[in-house]
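Working notes, structure below.
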Amino acid sequence: MAVLTLTTHSRELKMNTLLTAIIPDSSNMDKPLSERKVLWLLHGLSDNATAWLRWTRVENYAQRYGIVVIMPSCDRSFYFDNVNGMNYFTYLTEELPEYLEKVFALSRKKEDNFIAGLSMGGYGAVKAALTHPDRYFACGSFSGVLAFEIFAHSDISEFEKEFPFMTEDFPSLLASENNPPNLLSPEKDVKLYVSCGLQDYLLPATKIFEERARERNVKGKFVYRDGYHDWDFWEVEIKNFLSYLFE
């Protein structure tokens, strides 16, 4: 497979930003990019667009399934809009797909687009898919921040200093459209895959999300197994997610 690293200026972020992509190389170009599935793969809080390439075999999986993988950098934004004037969610869900359709002819069809991520990226993937269910066929969250309740009922003084755009929603957790459980609806036709390690400190968030999904009769695959908040767990989960979709 071919790996592209692109530095591009974003209108929504108002700055240059890094993007990494995996596409077929010449020996694997049996069909154009416009006819391939696209996986939008999101990084966690401490990483960037290179993390999945450095820590997992995602390039190998992309070749196995013949897919395009797009990995943007979204800093420590939690994929929110209006973070110091930068609109990361709009960049991810609108600007970037539009731009890459024009540059690489990537498909915008719902059935051709999947989104997944780890930790903060798991949150971003679920928020994107459930906010725009007409754009994504499937969504994967691995150790995701899937319920703000785990932060709102603890000491958040340090958290509030760095992420005020999140904590301002804490007084209205049951109504906020930024809190993942509130986005769940059986009318949203998105194939959900959610996993978390049994030793992961974010396990309670996944449990809250699953409980709300069952209450609202939302179907999804929930996976719990031994594992921590680390790349050993996420390497297996990206493989499992793609196997779940294609096999």
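Annotations for the structure displayed:
- For segment 229-245, the criterion of being in contact with a Cys (Cβ under 9 Å, 6 or more places away or on another chain), free of Cβ contacts under 8 Å to residues at least 60 places away in the same chain and not hydroxyl-bearing (Ser, Thr, Tyr) is met by none of the residues.
- Residue within segment 169-184 that is at pLDDT 95 or above, within 27 Å of residue 85 (Cα to Cα) and touching a strand residue (DSSP E or B) at 6+ places or on another chain (Cβ under 9 Å) present: yes
- Only one of the numbered conditions (1) over 19 Å from the mean Cα position of the chain (by Cα); (2) modelled with pLDDT of 95 or more is violated by residue 89, and that is (1).
- Residue ranges of helices (runs of 4 or more DSSP H) in segment 104-199 with at least 1 members touching a Cys at 6+ places or on another chain (Cβ under 6 Å): 120-131
- Taking every residue in segment 189-207 that is free of Cβ contacts under 8 Å to residues at least 40 places away in the same chain and pairing it with any residue that is crowded, with 19+ Cβ neighbours inside 10 Å and β-branched (Val, Ile, Thr), at least 6 positions away or on another chain, yields no pair with a Cβ-Cβ distance below 8 Å.
- Filter result (surrounded by fewer than 17 Cβ atoms within 10 Å (Cβ to Cβ), out of contact with any Leu (no Cβ under 9 Å at 6 or more places or on another chain) and modelled with pLDDT of 95 or more) within segment 3-44: 9, 11, 14, 15, 16, 35
The values are calculated or read from the model by the stated rules, or taken from the named source; none is laboratory data. It should be emphasised that the depicted structure is a prediction, and the values quoted were computed from it without experimental measurement. Positions of Cβ are backbone-derived with ideal geometry, glycine not excepted, and every protein chain shown enters the neighbour counts.
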